[in-house]
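Below: the structure, in structure tokens.
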Amino acid sequence: QVQLVESGGGSVQAGGSLRLSCAASGRAFSGYDWGWFRQAPGKEREFVAGISWRGGRSDYTDSVKGRFIISRDSAKNTVYLHMSNLKPEDTAVYYCAADPSYTNVKIRPTYWGQGTQVTVSS
């Protein structure tokens, strides 16, 4: 049984920083690509950031460019999302995801975590 477990969420003042982690268990994720999504109340889930297995390819949604950085430790089956200069509009439940295809990890990932809440106050 494959599981992705997020951690590191919480409450922070605008301008602050958080680091989210996502650890995979139950199987080896060698060759898998990773992504982060978020969903705010009343809004659709949106892609935030993605990274390839070797780390040579990554991209971000426009609203977080220059503020968020995605990274991974493939040996530990763990992906991170470093968030800085947080804004109230970043408030959402953040989900990690994994898929053997970089294209699919941004659209329809095979594996999902349960999510972690991030709340940014003014």
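The values are calculated or read from the model by the stated rules, or taken from the named source; none is laboratory data. Not measured: the values here are computed from a predicted model. Counting neighbours? That spans all protein chains shown, and the Cβs are built from the backbone with ideal geometry, glycine included. All accessible areas refer to the heavy atoms of the entire protein, side chains included, with ligands and DNA or RNA removed. Shrake-Rupley method; radii C 1.70, N 1.55, O 1.52, S 1.80 Å.
For the range 96-116, indicate whether the set of residues that are in contact with a Lys or Arg (Cβ under 8 Å, 6 or more places away or on another chain) and loosely packed, with under 15 Cβ neighbours inside 10 Å is non-empty.
Scanning the range 96-116 turns up no residue that is in contact with a Lys or Arg (Cβ under 8 Å, 6 or more places away or on another chain) and loosely packed, with under 15 Cβ neighbours inside 10 Å.
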Expected single match for touching a residue at least 40 places away in the same chain (Cβ under 8 Å), β-branched (Val, Ile, Thr) and surrounded by 22 or more Cβ atoms within 10 Å (Cβ to Cβ) among VAL79, VAL93 is VAL79
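Out of SER84, SER58, SER71, report the one residue that is open to solvent by less than 50 Å² (accessible area, probe 1.4 Å) and without any contact (Cβ under 8 Å) to a residue 24 or more places away in the chain.
Answer to the check: SER71.
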If we keep only residues of the range 25-45 that are surrounded by 13 or more Cβ atoms within 10 Å (Cβ to Cβ) and touching a helix residue (DSSP H, G or I) at 6+ places or on another chain (Cβ under 9 Å), then the residue modelled with the lowest pLDDT is PHE29
